1. Looking at segment 26-40, which of the residues that are without any contact (Cβ under 8 Å) to a residue 40 or more places away in the chain and assigned to a helix (DSSP H, G or I) is surrounded by the most Cβ atoms within 10 Å (Cβ to Cβ)?
2. If you check residue 63 against the conditions, is it under 22 Å from residue 15 (Cβ atoms) and in a helix (DSSP H, G or I)?
3. I'd like to verify a number: residues in segment 41-57 that are without any contact (Cβ under 8 Å) to a residue 12 or more places away in the chain and either under 15 Å from residue 105 (Cα atoms) or within 12 Å of the chain's Cα centre (by Cα) (or both), how many?
4. Against the conditions (1) touching a helix residue (DSSP H, G or I) at 6+ places or on another chain (Cβ under 8 Å); (2) over 19 Å from residue 12 (Cβ atoms), where does residue 153 fall short? Just the number, please.
5. Just to be sure I understand, how many residues within segment 42-60 are assigned to a helix (DSSP H, G or I) and touching a helix residue (DSSP H, G or I) at 6+ places or on another chain (Cβ under 7 Å)?
6. Would you check if residue 75 is within 24 Å of residue 133 (Cα to Cα), in a helix (DSSP H, G or I), at pLDDT below 85 and touching a helix residue (DSSP H, G or I) at 6+ places or on another chain (Cβ under 7 Å)?
7. Can you give me the number of residues within segment 100-141 that are under 17 Å from residue 63 (Cα atoms) and surrounded by fewer than 19 Cβ atoms within 10 Å (Cβ to Cβ)?
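The values are calculated or read from the model by the stated rules, or taken from the named source; none is laboratory data. Here the structure is a predicted model, which means the values were calculated and not measured. Note that each Cβ is placed from the backbone with ideal geometry, even for glycine, and that neighbours are counted across all protein chains shown.
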């Protein structure tokens with residue numbers, strides 16, 4: 001039951017992050033903050049869900065989720081911080097996706113599709129950095145994070 005809830009949550013969060021930038025309602029700092037916020041929610045839910053059988057993985061997920069939650073709230077509500085982080089924001093989001101992919105790779109070794117969830121995070125994080133370096137369109141970058149959440153949700157749904 002927990003696995004299906006997490007899978008559906010990841011798919012819904014992925015669709016939200018893909019739909020909102022397409023509507024053009026939010027600015028770049030809010031988009032990146034929202035993307036990181038959705039990843040932090042996902043990590044916090046996964047951390048709570050796996051705490052019974054994978055304490056070290058749950059602690060990593062909870063710590064990373066909490067740090068990303070704080071970072072996302074700073075990016076969303078404090079516009080001045082975006083000036084400070086402007087140069088590294090693209091790289092920060094890509095590195096975050098890579099780290100989340102590595103954590104997923106480590107935590108999901110027992111599941112059938114866990115390896116692919118981690119690899120998708122790493123590949124999409126690298127792609128995020130490369131595309132972010134050459135393309136300044138936040139819709140494309142937000143869509144990459146949404147795509148990872150959808151892939152993770154579908155693979156977790158197939159696994160469990």
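1. 40
2. no
3. So the count comes out to 1.
4. Among (1) touching a helix residue (DSSP H, G or I) at 6+ places or on another chain (Cβ under 8 Å); (2) over 19 Å from residue 12 (Cβ atoms), the lone unmet condition for residue 153 is (2).
5. Total meeting the criteria: 10.
6. Considered against the rule, which asks whether it is within 24 Å of residue 133 (Cα to Cα), in a helix (DSSP H, G or I), at pLDDT below 85 and touching a helix residue (DSSP H, G or I) at 6+ places or on another chain (Cβ under 7 Å), residue 75 comes out as yes.
7. 3
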